[in-house]
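Engineer: My questions will all concern the structure given below.
The values are calculated or read from the model by the stated rules, or taken from the named source; none is laboratory data. Remember, it's a predicted structure, so these values are computed and weren't measured experimentally. Virtual Cβ from ideal backbone geometry, glycine too; neighbours counted across all protein chains shown.
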Amino acid sequence: MRAVAPADEGSGLADIPLDVLRFAMLPEERRALLLQVNDLLEEIDYGTVVIVMHEGKVTQIEMSEKIRLTQPPTPSG
């Protein structure tokens, strides 16, 4: 993504990144779902996020997190 300068007379939709426009054009329900998935991705360091669908609709989101119990060896120096 890129930053967009404040609007002036010559600017319009051409200044808005395509991904931002695509997200804005999604139905509210789909945007909310994507934001929930994003929140889960930010919560875990290791693990999985699974989106379960039934007949073309999301029915649940599963998250499993792996917790590392051993520390990796530190470089000696």
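Engineer: Just to be sure I understand the filter: pairs with C-beta atoms under 7 Å, separated by 6 or more residues or on different chains, first member in region 23-41 and without any contact (Cβ under 8 Å) to a residue 60 or more places away in the chain and surrounded by 11 or more Cβ atoms within 10 Å (Cβ to Cβ), second member part of a helix (DSSP H, G or I) and charged (D, E, K, R). Which pairs pass?
Structural biologist: Note: pairs meeting the criteria are PHE23/ARG31.
Engineer: Those residues that are at pLDDT 75 or above and either surrounded by 10 or more Cβ atoms within 10 Å (Cβ to Cβ) or part of a loop (DSSP other than H, G, I, E, B) (or both), I need them from region 2-17; list them, please. Working first, answer last.
Structural biologist: Narrowing region 2-17 to residues at pLDDT 75 or above: 14-17.
ASP15, ILE16, PRO17 - these are the residues of region 2-17 that are at pLDDT 75 or above and either surrounded by 10 or more Cβ atoms within 10 Å (Cβ to Cβ) or part of a loop (DSSP other than H, G, I, E, B) (or both).
Engineer: Is it fair to say ARG68 is basic (Lys, Arg), surrounded by 10 or more Cβ atoms within 10 Å (Cβ to Cβ) and either over 17 Å from the mean Cα position of the chain (by Cα) or modelled with pLDDT of 85 or more (or both)?
Structural biologist: no
Engineer: Can you tell me which residues in region 26-47 are at pLDDT 95 or above and outside any helix (DSSP H, G or I)?
Structural biologist: LEU26, PRO27
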